[in-house]
Amino acid sequence: MKIPFSKISCNGNELKYVTDVLESGWLTTAEKTFEFERKIANYVGAKYACAVNSCTAALHLGLEALGVTYGDKVFVPDMTFTATAEVIRYLGADPVFLDVEYGTSLITPEILEQAILQYPDVKHLIIVHFGGQACEMTNEQKNGIIDLCQRNQIKVMEDAAHAFPSKWQGKYIGTFGDITCFSFYANKTITTGEGGMLLTDNEEIIKRAKTMRLHGINRDVWDRFTSEKPSWEYDVVAPGFKYNMPDISAAIGLAQLEVAEELRLKRQSIALLYFENLKNIECIDLPLVKVKFEDHSWHLFTITLNHKCKVNRNECIEALSSKGIGTSVHYKPLHRMTYYQNKYQLKPCDFPVSENIWQGTLSLPIYPDMNINEVEYVCNVLKETLS
Ligand SMILES: Cc1ncc(COP(=O)(O)O)c(C=O)c1O
């Protein structure tokens, strides 16, 4: 059997909507993108959305719109993809890396509370809803992440690259923090090939993000080549970026959005099968799920080989690969990356939990069209490898 780590599922209206765009004679940002923005905003209940060509772009625009600048500090999890932290450096600010919770790889309110005590001058936080599971945003005791941030005047940006459509206590991720950023990269829960979206309820933030996504131009000029009115006149109010989403991508996204819950459910059923098949293996720690299963988008199914395991993570990956099974690692933590390590003198002993996760973690294949036989095959090969 050949089982890739991930596989896109494009069985809906993708081709039809892309054909509509090709036949419209206008390939870059226009009506399909605006429709995609409206529909994603409606879906999660946010007021405004700004479609861009990656989640990285959305994160960059978001921090810029929040006013993060040279010399500022921003809390960020150590256990994440480099995009979450690199955007802080784009603006000349500095990340303050936080360790995460074992089993979820999330920043918890307890971790954040400690960090606030240690770094009272940090006024921005980026959280990551790892693998599709939301962080503890709010709770009855009013000491969730958002509660803590409100009490300490900390602005929150949610890196929700893994988390469409995820929920916290039944409410969609997209409106808890000041800004939420989704990724529609090729391996994400819904995709546009490459793409991302910034969501916010704040009018100033959306105005700034929309200006900066297209060269710092002060008004929408998408129609400047097609309009019958003289619409060439525009001003540049800041040195912006070139981050807009083309309509071809938005067309794919619109079709994916129509089946987002169906795709999520299929992923969920695969996760359930993994839990069932792997539950009694002593040397594997399964993902710790603290949300309801239906609130999880199941982007990843990440296991950790613990100290009882006779093979190490790399040997396990090789054994699976030799049997045709693709896996991945989420993540080699940022404290182990040369750039961050050297620039901020990061040491593994400062991140004991993410270091521990990293030593044993691997992510198993999970994608909507994976069938029961394939899941069982992965589980059987894994069991053989570890026995
Ligand atoms: C946690 C996280 N944040 C941000 C990104 C960046 O997403 P994009 O490739 O859309 O820029 C990724 C990509 O995998 C990610 O995993």
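The values are calculated or read from the model by the stated rules, or taken from the named source; none is laboratory data. None of the values given here were measured: they were computed from a predicted structure. Quick reminder, even Gly has a Cβ in these numbers, built from the backbone with ideal geometry, and neighbours come from all protein chains shown.
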Task: Residues (more than 21 Å from L66 (Cα to Cα) and aliphatic (A, V, I, L, M)) located in the stretch 108-143 - done: I111, L117, A134
Open item on the list: If I go through the stretch 109-135 residue by residue, how many of them are in a helix (DSSP H, G or I), within 16 Å of the ligand (Cβ to nearest atom) and touching a Leu at 6+ places or on another chain (Cβ under 6 Å)?
Closed with: 2
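To keep it simple, each residue is scored yes or no on (1) among the polar types (S, T, N, Q); (2) in a helix (DSSP H, G or I); (3) away from the ligand (no atom under 16 Å from the Cβ).
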{"residue": "T19", "(1), (2), (3)": "yes, yes, yes"}
{"residue": "E35", "(1), (2), (3)": "no, yes, yes"}
{"residue": "A41", "(1), (2), (3)": "no, yes, yes"}
{"residue": "L59", "(1), (2), (3)": "no, yes, no"}
{"residue": "E64", "(1), (2), (3)": "no, yes, no"}
Task: Lone qualifier among L263, L273 - being in contact (Cβ under 8 Å) with a residue 24 or more places away in the chain, in contact with a helix residue (DSSP H, G or I) (Cβ under 6 Å, 6 or more places away or on another chain), of a type in the set (A, V, I, L, M) and assigned to a helix (DSSP H, G or I) - done: L273
- [ ] Filter the stretch 279-308 for residues that are over 19 Å from V259 (Cα atoms) and aliphatic (A, V, I, L, M) and give the result.
- [x] I281, I284, L286, L288, V289, V291, I303, L305
Open item on the list: Take T180 and tell me if it is within 16 Å of the ligand (Cβ to nearest atom), among the hydroxyl-bearing types (S, T, Y), part of a loop (DSSP other than H, G, I, E, B) and buried (at least 18 other Cβ atoms within 10 Å of the Cβ).
Closed with: no
Open item on the list: With the structure loaded, tell me whether L106 is closer than 25 Å to Y185 by Cα, in contact with a Phe, Trp or Tyr (Cβ under 9 Å, 6 or more places away or on another chain) and within 12 Å of the ligand (Cβ to nearest atom) or whether it fails that test.
Closed with: yes
Task: Lone unmet requirement of (1) crowded, with 24+ Cβ neighbours inside 10 Å; (2) more than 16 Å from the ligand (Cβ to nearest atom) for G216 - done: (1)
TODO: Give the residues of the stretch 66-90 that are in contact with a strand residue (DSSP E or B) (Cβ under 7 Å, 6 or more places away or on another chain) and part of a helix (DSSP H, G or I), sorted by residue number.
DONE: T84, A85, I88
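Please work out if T192 is more than 15 Å from the ligand (Cβ to nearest atom) and either at pLDDT 95 or above or surrounded by fewer than 21 Cβ atoms within 10 Å (Cβ to Cβ) (or both). Break it down into steps so the answer makes sense when it comes.
Working: more than 15 Å from the ligand (Cβ to nearest atom): no; either at pLDDT 95 or above or surrounded by fewer than 21 Cβ atoms within 10 Å (Cβ to Cβ) (or both): yes.
In short, no.
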- [ ] Please state which of the following conditions Y234 fails to meet, knowing it meets all the rest: (1) among the aromatic types (F, W, Y); (2) in contact with a Lys or Arg (Cβ under 9 Å, 6 or more places away or on another chain); (3) modelled with pLDDT of 95 or more.
- [x] (3)
